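Below is one structure, written out as structure tokens; the observations come after it.
The values are calculated or read from the model by the stated rules, or taken from the named source; none is laboratory data. Here the structure is a predicted model, which means the values were calculated and not measured. Don't worry about glycine lacking a Cβ; one is built from the backbone with ideal geometry, like all the others, and counts go over all protein chains shown. Side chains are part of the model used for accessible areas, which takes the heavy atoms of the whole protein and leaves out ligands, DNA and RNA. Shrake-Rupley method; radii C 1.70, N 1.55, O 1.52, S 1.80 Å.
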Amino acid sequence: MEPLLLEVVRDDPQPGLTRGMLYVDGVHFGYTCEDEDRGLDQTDSLAHVQQVKVQGRTAIPTGTYPVAFTWSPKYKRMMPLVGSVAGFQGIRIHSGNTAADTEGCLLVGKTRTPTGVGSSRLAIAELYQLLQAATDAGRPIRITYRLP
């Protein structure tokens, strides 16, 4: 079965903040906000990631990762979990508006603001429906983070 493909295009990196666009199966879905992109890539060694990463203030390395829709003990609900990220744990996709609302996680919104995203709860509700439907159908989910 073809995977559901999420793609984050990090088109606006800034000090302390990385804004981008989210595509679902090639269709523009909304906007993203992450911590600062520090130039890490999925092919970097764990030692390099640990050397460059600033705990709680670094976007995950560019690359492609599996996503599982799993129970979050922290948030007490089902949420997407980005897996197999060297040097990172507990990377979720959730609501929030600025880099202050994330510790490496991906925030999704319907609008872009100067400091992140807006209408995040609406975007997350819609995205979670798509992810849950894919999970229910046995369709794998993958996410790619890339620069333009």
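Things to note:
- In this structure C33 has an accessible area near 0 Å², from a 1.4 Å probe over the protein heavy atoms.
- Spin-label model, R57/A125: points 7 Å from Cα along the beta carbon direction are separated by 3.4 nm.
- The Cβ shell under 13 Å around G56 holds other residues with a net charge of -2, Lys and Arg each +1, Asp and Glu each -1.
- Region 68-148: radius of gyration over Cα atoms, expressed as a fraction of 2.2 N^0.38 Å: 1.10
- Applying a DSSP loop filter and a limit of 12 other Cβ atoms within 10 Å to the trypsin sites (Lys or Arg not before Pro) in region 52-148 leaves K74, K76.
- Between region 5-48 and region 96-131, the alpha-carbon centres lie 13 Å apart.
- Take every DSSP beta bridge whose two residues both sit in the chain; close to 75 percent of them are antiparallel.
- Choice from V27, V67, V117 showing the highest fluctuation, given a GNM over the chain with Cα pairs closer than 10 Å: V27
- Rough spin-label spacing in nm, given labels placed 7 Å along Cα→Cβ, for R38 and E103: 1.5 nm
- Estimated distance in nm for a label pair at M1 and Q132, the labels positioned 7 Å out from Cα along Cα-to-Cβ: 1.6 nm
- Under the combined filter of DSSP loop state and at most 12 neighbouring Cβ atoms within 10 Å, region 32-85 retains these chymotrypsin sites (Phe, Trp or Tyr not before Pro): Y75.
- Heavy-atom accessible area per residue - the chain, 1.4 Å, Å²: 49 Å²
- Per atom type, region 53-148 shows carbon and sulfur on 55% of its accessible surface, probed at 1.4 Å.
- Ellipsoid equivalent to region 38-91 - semi-axes via the Cα gyration tensor, in Å: 23, 12, 8
- The chain - charge dipole about Cα centre, Lys and Arg +1 at Cβ, Asp and Glu -1, debye rounded to 20: 380 debye
- Full extension of the segment from S84 to Q50, taken as 0.36 nm per residue of separation minus the current Cα-Cα distance, would add 10.7 nm.
- Tail weight of P(r) past 18 Å, computed on alpha-carbon pairs of region 1-114, percent: 49 percent
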